[in-house]
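Novice: Before I ask anything, let me first share the structure, which is written out below as structure tokens.
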Amino acid sequence: MSLSLQKERKNMATYRISKNRDNPYVMINKGFIQNPSLTMQAKGLLAYLLSLPNDWEVRRKELPRHFKNGIRSISNVINELISAGYIKRNQARKGNNCFGEVKYDVFEDPDNSE
């Protein structure tokens with residue numbers, strides 16, 4: 001390493017947020033982040049969903065409250081993640097042959113979705 005680069009690195013500062021129980025880290029598999037077939041929006045939404053507690057129920061209509069994106073944009077991203085295998089959509093049927101509640105299962109790795 002050159003002397004000028006060493007001096008430059010010494011002058012660089014790193015600013016971090018203090019970590020404690022009120023501000024925890026999220027640990028996720030970085031494979032989907034490096035997947036070139038996913039859009040930035042899909043990577044961001046998947047990272048957000050994976051940061052939520054394991055028992056969190058994903059509701060498509062509630063997600064716009066957490067983002068600037070509208071329901072149509074978020075629905076398109078969810079459909080992209082479904083096609084890529086990162087989300088599985090399950091819809092129950094009511095007794096009178098009507099559609100029931102939709103549940104979404106979210107996966108870090110699409111190969112483990114089955």
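Novice: All but one of (1) under 19 Å from VAL26 (Cα atoms); (2) surrounded by 10 or more Cβ atoms within 10 Å (Cβ to Cβ) hold for ASP55; which doesn't?
Specialist: ASP55 satisfies every listed condition except (2).
Novice: Another one. Can you name the residue in region 36-76 that is over 17 Å from LYS103 (Cβ atoms) and touching a Pro at 6+ places or on another chain (Cβ under 9 Å) and is also modelled with the highest pLDDT among such residues?
Specialist: Among them, the one singled out is SER73.
Novice: Let me ask something additional. Residue by residue through region 85-114, note down the ones that are out of contact with any Lys or Arg (no Cβ under 9 Å at 6 or more places or on another chain), surrounded by 10 or more Cβ atoms within 10 Å (Cβ to Cβ) and not charged (D, E, K, R).
Specialist: GLY85, TYR86, ILE87, PRO110
Novice: A follow-up question, please. Tell me, please, whether a residue that is loosely packed, with under 11 Cβ neighbours inside 10 Å and under 16 Å from the mean Cα position of the chain (by Cα) can be found in region 71-84.
Specialist: Filtering region 71-84 down to residues loosely packed, with under 11 Cβ neighbours inside 10 Å leaves 72.
Now narrow it down to the ones that are under 16 Å from the mean Cα position of the chain (by Cα): none.
Checked region 71-84: no residue is loosely packed, with under 11 Cβ neighbours inside 10 Å and under 16 Å from the mean Cα position of the chain (by Cα).
Novice: Would you point out which residue out of LEU81, LEU63 is closer than 20 Å to THR39 by Cα and in contact with a strand residue (DSSP E or B) (Cβ under 7 Å, 6 or more places away or on another chain)?
Specialist: Working: LEU63 fails: in contact with a strand residue (DSSP E or B) (Cβ under 7 Å, 6 or more places away or on another chain).
Every option except LEU81 fails the conditions.
Novice: Considering only residues that are closer than 16 Å to LYS43 by Cβ and not acidic (Asp, Glu), which ones fall in region 67-83? Full working, then the answer.
Specialist: Let us first name the residues in region 67-83 that are closer than 16 Å to LYS43 by Cβ, namely 67, 69, 73-74, 76-83.
Selection gives PHE67, ASN69, SER73, ILE74, ASN76, VAL77, ILE78, ASN79, LEU81, ILE82, SER83.
Novice: Also, I was wondering about something else. Only residues that are under 13 Å from the mean Cα position of the chain (by Cα) and of a type in the set (A, V, I, L, M): list them for region 85-114, please.
Specialist: ILE87, VAL106
Novice: Can you pull out the residues in region 58-85 that are in a helix (DSSP H, G or I) and small (Gly, Ala, Ser)? It would help to see each step written out before you state the result.
Specialist: Taking region 58-85 and keeping what is in a helix (DSSP H, G or I), we get 63-66, 71-84.
Scanning region 58-85 gives SER73, SER75, SER83, ALA84.
The values are calculated or read from the model by the stated rules, or taken from the named source; none is laboratory data. Worth saying up front: this structure is predicted, and the values here are computed from it rather than measured. Glycine gets a Cβ as well: all are built from the backbone with ideal geometry, and neighbour counts include every protein chain shown.
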